[in-house]
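Comments concern the structure below.
Values in this text are rule-based calculations from the coordinates and carry no lab data. Because the structure is a prediction, the values reported are computed rather than measured. Here the Cβ is made from the backbone with ideal geometry for all residues, glycine too, and neighbour counts use every protein chain on show.
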Amino acid sequence: MTDTDTLAPSPIDPLPSNDPLALASFNQNFETFRALNALMWQIPLIAMTLTGGLWFGVSSIKDMALMRSGLLLLAGLGDLGLMIVLSRLRHIIGCYLDWINAAFPRGFVSARGTSWGTRSETVKTTFQLMLLSAAIISFVLFCGSMTELTHPKQPDARAKAIAWYDTHATRIADGYEGLEAQETHPRLFAALAGSKPLRILDVGAGTGRDAAALSALGHQVTAVEPSAKMLRLARAIHADDDVDWVADAMPELTKAQGQYDLITLSAVWMHVPPADRDKAFHRLTALLAPGGRLYFTLRLGPAEPERALWTNDAGEIRDLAAGHRLKVEDWGKRPDLLGRDAVHWQTLLLTKTA
């Protein structure tokens with residue numbers, strides 16, 4: 001028997017026992033009632049198949065926001081439609097129950113309930129609440145998908161830069177490793193000649209060329225690199241060098257601990273968004289030991305949005321240094337060693353005063 005209670009009997013005569021037509025009508029209506037009752041219990045299965053299939057389709061589509069939106073809208077409308085079908089179906093079932101009760105009251109089971117779980121139409125209400133919940137979820141996801149479609153989320157600058165280096169890691173490694181660190185940073189290596197062992201932090205270490213060369217001079221070097229592929233290449237290329245390789249990035253540099261005698265940023269500062277530079281510089285200064293030095297090579301050239309690369313200049317570094325009690329030395333400019341005419345490099349050395 002269905003999840004229903006007896007409604008008020010229709011004003012019809014009880015079934016005559018000697019009327020074949022009335023008996024045939026009763027049997028037909030009873031079978032129809034059973035079929036409708038079985039169909040009502042199929043609604044949740046139809047809903048799960050419809051909604052689950054469409055949601056799975058949405059989760060499988062990565063780059064087609066319009067298609068995802070359409071599927072989510074269809075899922076929500078489908079669940080609302082099934083709620084309407086369920087109401088209509090339950091109403092028809094109730095009409096048949098009234099007729100059966102009136103036609104054969106002696107054999108009718110009312111299943112009258114008194115609590116919430118046994119009252120009339122409890123199953124229908126429960127099914128509809130489930131369908132409504134699924135519809136609401138679909139519509140919320142639909143709104144999110146439409147927002148993504150009309151206002152596509154732009155990758156943050158750091159993620160964009162990292163993605164570029166991950167994609168071009170092998171090609172970049174060939175160019176970087178083709179140049180000697182001493183050739184790229186002649187004044188730095190000249191200044192370090194004969195120096196006692198220093199604690200050095202190489203930020204944005206790339207392929208690890210500079211970190212390995214500094215380690216070879218006897219210094220304790222920590223190399224920080226946010227690109228996973230570049231870091232793997234650095235570890236592989238310089239596997240025999242005593243360098244502490246760390247996955248980390250500015251402006252936070254959360255994994256860098258303690259204080260360092262020298263912090264190097266070679267071809268790195270242009271990847272720090274202007275809005276993050278004050279925070280990054282403050283963090284670098286905090287990691288610098290008293291009398292320690294910050295070594296910058298600044299890229300002087302056009303911005304490259306695809307690499308999340310911004311312009312920078314020495315004046316900005318001087319302004320930041322003035323607020324952190326750092327003395328600035330300009331070590332001059334030089335052309336790009338990779339032969340790019342539009343790019344030049346300026347080297348600055350900052351010293352932390354007492």
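Here are a few things to note about the model shown:
- Cα centroid separation - region 128-189 against region 232-273, whole Å: 20
- In order through region 119-126: 3J(HN,Hα) via Karplus (6.51 cos²θ - 1.76 cosθ + 1.60), integer Hz, x for Gly, Pro: 6, 4, 6, 4, 5, 4, 4, 5
- Each other residue within a Cβ distance under 9 Å of Val243 adds +1 if Lys or Arg and -1 if Asp or Glu, for a net charge of -3.
- Rounded, prolate or oblate (a/c below 1.5 giving rounded, otherwise prolate when a/b exceeds b/c) for region 20-150 by Cα gyration tensor: prolate
- Ranking of Lys352, Lys327 by count of other Cβ atoms within 10 Å, fewest first: Lys327, Lys352
- Taking the chain as a Gaussian network of alpha-carbon nodes connected by springs under 10 Å, the highest mean-square fluctuation of the residues Ser133, Ser266, Ser215 belongs to Ser133.
- With neighbours defined as other Cβ atoms within 10 Å of a residue's Cβ, the residues Val203, Val246 order from fewest to most as Val246, Val203.
- Of the GluC sites (Glu not before Pro) in region 136-196, those whose Cβ has at most 15 other Cβ within 10 Å and which sit in DSSP loop: Glu180
- In terms of its alpha-carbon gyration tensor, region 199-333 comes out oblate; a/c meets the 1.5 threshold, while b/c is at least as large as a/b.
- Ordering Leu66, Leu36, Leu201 from the fewest to the most neighbouring beta carbons within 10 Å gives Leu66, Leu36, Leu201.
- Note that region 170-177 has calculated 3J(HN,Hα) couplings of 5, 5, 5, 4, 4, x, 5, 6 Hz, one per residue in order, obtained from phi through the Karplus relation 6.51 cos²θ - 1.76 cosθ + 1.60 (θ = phi - 60°); glycine and proline are x.
- Cα centre as origin, Lys/Arg/Asp/Glu Cβ charges: region 208-354 dipole, Debye: 160
- Scalar couplings 3J(HN,Hα) for region 228-236, obtained by applying the Karplus form with A = 6.51, B = -1.76, C = 1.60 to θ = phi - 60°, are 4, 5, 5, 5, 5, 5, 4, 5, 6 Hz; x denotes Gly and Pro.
- Percent antiparallel among DSSP beta bridges (both partners in the chain, rounded to 5): 50
- Long-range HN-HN contacts of Leu288 with modeled amide H, under 5 Å: Tyr260
- Of the trypsin sites (Lys or Arg not before Pro) found in region 100-195, those in coil by DSSP whose Cβ has at most 16 other Cβ atoms within 10 Å are Arg112, Arg119, Lys153.
- Structure-based [θ]222 nm, the chain - -39500 (n - 2.57) summed over DSSP H runs of at least 4, per residue, nearest 500: -16000 deg cm²/dmol
- Only Lys, Arg, Asp and Glu carry charge here, each on its Cβ (+1 for the first two, -1 for the last two); on that basis the chain has a dipole of about 480 debye about its Cα centre.
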